[in-house]
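J.: A single structure is presented below for examination.
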Amino acid sequence: MKEKDRRSKNASVTAAKSRGAEARGGGHEQRLPPAKGAGPGTRTGPKAAAGGAPPKAAPRKSERPSVQESAPTRRIEPRSGEKPAERVPLILETAATAGYHLVDSGDGEKLEQYGPYRIVRPEAQALWPKALPASIWERADAVFTGDTEEDGMGRWRFPGEVLGETWPMQLLDTDFLGRFTSFRHVGVFPEQLAHWSWMRDQVAAAGRPLKVLNLFGYTGVASLIAAKAGAEVTHVDASKKAIGWARENQVLARAEKLPIRWICDDAMKFIQREERRGSRYDIILTDPPKFGRGPNGEVWQLFDHLAAMLDICREILSPDARGLVLTAYSIRASFYSIHELMRETMRGRGGRVESGELIIREGGLDGTAPGRALSTSLFSRWVPK
């Protein structure tokens, strides 16, 4: 759990121009607040832990862990062979579904239905006016107020009755907990349903148990969906709170006996060990933050370390792999940047690289009236054919 660099309070317009500026802080689940261990395996903000415990006093200099590079120097040798075929732009849309839909958006906010609750949160990319009347928005069950920065802390206002911290949710037949966190997120990024549905289909059609690696796994919803479909899952996140939340979700989903390894570790260090051990995975999901820190002070910078991370991911893909999926939020880049990186990474492996944006479509009050599309993030996905 989804961390990223804080944006200036006045940068909403600039952020909106940045593809994916919605940035997990702007209105999707938030990963637990920056907790000890939050880092490359988790977001320092949006996908940080729930609750809002006051920060502890900073340790004296002598007590602070030394800062390490999350990605030790790795020389990336040019690969030979043809680049994979390409499919661009590909727009993957999350429409209304049981458990979630985007009701309305506009004027820098979005109104969403999460299970039984209707929630209002900031949304920098909602540049248009709201379609529904103010009376609808005013009847929301919860409204995030306070700091409007992506990772900025704030609080929830409950116009009606005060709600509990958590509530039961279900997506793709998988139960988990929604949670009102101090960073506006609620424990799931619904635009990822497009990737999760694809993954579930791959697992179900494989005819054998696929091995799935979920890097920067947040609250574990994707891991549970994969395991319920029949996969053997390795879930990696650097935040102990994120792993704790994921385990809560496992219990709620009645999935305690499913083959899921919950690993609290720095994502880069973990995959480097897997490469040395000769481990292989059939599907790798990776959802790295723009910036993060590992449990031992490791530093992750997306633009510095992404190429090395994908290079290692290629090495630990199985010969009969079904896909490598990268999602990127809040970066000042076109999807073509990660698209060309993915094609170079997978040069000589064949297959196809599909890249574009994840969007959520407004559905109105009951989810049946298709409206405007809200862009949330960039993605690039390699598939074998």
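The values are calculated or read from the model by the stated rules, or taken from the named source; none is laboratory data. All values reported here derive from a predicted model rather than from experimental measurement. Note: ideal-geometry Cβ built from the backbone for every residue, glycine included; neighbour counts use all protein chains shown.
J.: Before we move on, is residue 203 modelled with pLDDT of 95 or more, within 26 Å of residue 242 (Cα to Cα) and not assigned by TED's automatic domain parsing to the domain that holds residue 244?
T.: So residue 203 does not fit the description; no.
J.: Tally the residues that are assigned to a helix (DSSP H, G or I) and of a type in the set (Lys, Arg), restricting the search to segment 261-275.
T.: Result for segment 261-275: 2.
J.: Now, a different point. Has segment 352-368 got any residue that is surrounded by 15 or more Cβ atoms within 10 Å (Cβ to Cβ), among the basic types (Lys, Arg) and outside any loop (DSSP other than H, G, I, E, B)?
T.: First pass over segment 352-368, keeping only residues surrounded by 15 or more Cβ atoms within 10 Å (Cβ to Cβ): 352-364, 367.
From what is left, the residues that are among the basic types (Lys, Arg) are 352, 361.
Filter once more, keeping what is outside any loop (DSSP other than H, G, I, E, B): 352, 361.
Among the residues of segment 352-368, at least one is surrounded by 15 or more Cβ atoms within 10 Å (Cβ to Cβ), among the basic types (Lys, Arg) and outside any loop (DSSP other than H, G, I, E, B), which makes the answer yes.
J.: Next question, about the same structure. Take segment 202-255 and flag every residue that is more than 25 Å from residue 317 (Cα to Cα) and touching a helix residue (DSSP H, G or I) at 6+ places or on another chain (Cβ under 7 Å).
T.: Within segment 202-255, 249, 250, 253, 255 qualify.
J.: If residue 330 satisfies every condition in (1) part of a loop (DSSP other than H, G, I, E, B); (2) under 23 Å from residue 122 (Cα atoms); (3) at pLDDT 95 or above but one, which is the exception?
T.: The single condition residue 330 does not satisfy is (3).
J.: Among the residues of segment 166-192, write down those that are assigned to a helix (DSSP H, G or I) and polar (S, T, N, Q).
T.: 192, the sole residue that qualifies.
J.: Being part of a loop (DSSP other than H, G, I, E, B) and in contact with a helix residue (DSSP H, G or I) (Cβ under 6 Å, 6 or more places away or on another chain) is the filter here; which residues of segment 289-327 pass it?
T.: 290, 316, 322 - these are the residues of segment 289-327 that are part of a loop (DSSP other than H, G, I, E, B) and in contact with a helix residue (DSSP H, G or I) (Cβ under 6 Å, 6 or more places away or on another chain).
J.: Hey, can you tell me all the residues within segment 62-111 that are at pLDDT below 80 and buried (at least 19 other Cβ atoms within 10 Å of the Cβ)?
T.: Passing the criteria: 70, 71.
J.: Output yes when any residue across segment 241-262 is within 19 Å of the chain's Cα centre (by Cα) and at pLDDT below 95, and no when none is.
T.: There is at least one residue in segment 241-262 that is within 19 Å of the chain's Cα centre (by Cα) and at pLDDT below 95.
J.: Just give me the residues in segment 125-145 being closer than 25 Å to residue 330 by Cα and touching a Lys or Arg at 6+ places or on another chain (Cβ under 8 Å), in sequence order.
T.: 126, 128, 142, 143, 144, 145
J.: Also: Anything in segment 106-149 that is within 30 Å of residue 173 (Cα to Cα) and of a type in the set (Ser, Thr, Tyr)? List them, or say none.
T.: 114, 117
J.: Condition test on residue 99, is it small (Gly, Ala, Ser) and touching an Asp or Glu at 6+ places or on another chain (Cβ under 9 Å)? Steps first, answer last, please.
T.: Working: small (Gly, Ala, Ser): yes; touching an Asp or Glu at 6+ places or on another chain (Cβ under 9 Å): no.
Here the answer is no, as residue 99 does not meet what is asked.
J.: Right, another one. How many residues are at pLDDT 95 or above, within 22 Å of residue 179 (Cβ to Cβ) and acidic (Asp, Glu) when one looks only at segment 125-149?
T.: So the answer is 1.
Residues are listed down the side, and each one gets a yes or a no for (1) of a type in the set (Gly, Ala, Ser); (2) over 22 Å from the mean Cα position of the chain (by Cα):
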| position | (1), (2) |
| --- | --- |
| 95 | yes, no |
| 117 | no, no |
| 134 | yes, yes |
| 137 | no, yes |
| 166 | no, no |
